[in-house]
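K.L.:
Starting off with a structure, shown below.
The values are calculated or read from the model by the stated rules, or taken from the named source; none is laboratory data. It should be emphasised that the depicted structure is a prediction, and the values quoted were computed from it without experimental measurement. No Cβ is skipped: glycine too gets one built from the backbone with ideal geometry, and neighbour counts run over all protein chains shown.
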Amino acid sequence: MYAVIKTGGKQYKVAAGDYLKVEKLDGDVGSKVVIDKILMLADGDDVTIGSPLVDGAKVNATVLSHGKGDKVMIFKFSRRKHYRKTQGHRQSYTEIQIDDINGKGAAKKLLPNLRRQKKKQLKSLQLNQRLKSLQLRNQLQQKQNQQIRNKSWHIKKQVVVHETDATPSPND
């Protein structure tokens, strides 16, 4: 189960157990936050898309920490005008953990190790499918090469000899 939420002017795809950094939210460390701007909600094949929001859907999260991001330097410069201006900025953020989605996700909460295992299984399945497709392609290529070899390409050329008039001319 996952949801697409909107917070701080940005959209995030979240699932139960995810950690993410969002724009600064009000709330102390350890407090619960309810995000009610849900754009899309998916549970297996059941997908609900809001217009613009899904009614009654909520995402519950816990505030883990507050902080500031890396410093971004703003440098303005005009040549030949002796104008230089340097300014720095650090964006505030809140790190949250998604507890559950729509109040139902607590039972489907995945531990990070289980999520890694599922990703590894998915990658191995994709690699196996790729390997099978390459093997099938190789077998098809071998069959085509065998068919080409079986065809008789050595057709004897028929040599046509044109008989010319071999009588000597009277001037000789």
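K.L.:
Determine which member of the set 83, 93 is surrounded by fewer than 11 Cβ atoms within 10 Å (Cβ to Cβ) and at pLDDT 80 or above. Break it down stepwise before answering.
P.N.:
Working: 93 fails: surrounded by fewer than 11 Cβ atoms within 10 Å (Cβ to Cβ).
Going through 83, 93 in turn, just one is surrounded by fewer than 11 Cβ atoms within 10 Å (Cβ to Cβ) and at pLDDT 80 or above: 83.
K.L.:
Follow-up question, since we're still on this one. In the set 17, 56, 9, 44, which member is surrounded by 15 or more Cβ atoms within 10 Å (Cβ to Cβ), out of contact with any Ser or Thr (no Cβ under 7 Å at 6 or more places or on another chain) and either modelled with pLDDT of 90 or more or assigned by TED's automatic domain parsing to the domain that holds residue 94 (or both)?
P.N.:
Working: 56 fails: surrounded by 15 or more Cβ atoms within 10 Å (Cβ to Cβ); 9 fails: surrounded by 15 or more Cβ atoms within 10 Å (Cβ to Cβ); 44 fails: surrounded by 15 or more Cβ atoms within 10 Å (Cβ to Cβ).
Of the residues listed, the single one that is surrounded by 15 or more Cβ atoms within 10 Å (Cβ to Cβ), out of contact with any Ser or Thr (no Cβ under 7 Å at 6 or more places or on another chain) and either modelled with pLDDT of 90 or more or assigned by TED's automatic domain parsing to the domain that holds residue 94 (or both) is 17.
K.L.:
Does segment 67-80 hold any residues that are of a type in the set (Lys, Arg) and either over 30 Å from residue 29 (Cβ atoms) or surrounded by 10 or more Cβ atoms within 10 Å (Cβ to Cβ) (or both), and which are they? Break it down into steps so the answer makes sense when it comes.
P.N.:
The initial filter retains those residues of segment 67-80 that are of a type in the set (Lys, Arg), namely 68, 71, 76, 79-80.
Residues satisfying the conditions are 68, 76, 79, 80.
K.L.:
Follow-up question, since we're still on this one. Let me confirm something: among 64, 110, which residue is surrounded by 13 or more Cβ atoms within 10 Å (Cβ to Cβ) and at pLDDT 90 or above? Reasoning before the result, please.
P.N.:
Values: 110 fails: at pLDDT 90 or above.
Criteria check complete, one pass: 64.
K.L.:
If you don't mind, another one. Can you name the condition, by its number, that residue 25 falls short on among (1) of a type in the set (A, V, I, L, M, F, W, C); (2) out of contact with any Leu (no Cβ under 9 Å at 6 or more places or on another chain); (3) part of a loop (DSSP other than H, G, I, E, B); (4) surrounded by fewer than 17 Cβ atoms within 10 Å (Cβ to Cβ)?
P.N.:
Of the numbered conditions (1) of a type in the set (A, V, I, L, M, F, W, C); (2) out of contact with any Leu (no Cβ under 9 Å at 6 or more places or on another chain); (3) part of a loop (DSSP other than H, G, I, E, B); (4) surrounded by fewer than 17 Cβ atoms within 10 Å (Cβ to Cβ), the odd one out for residue 25 is (4).
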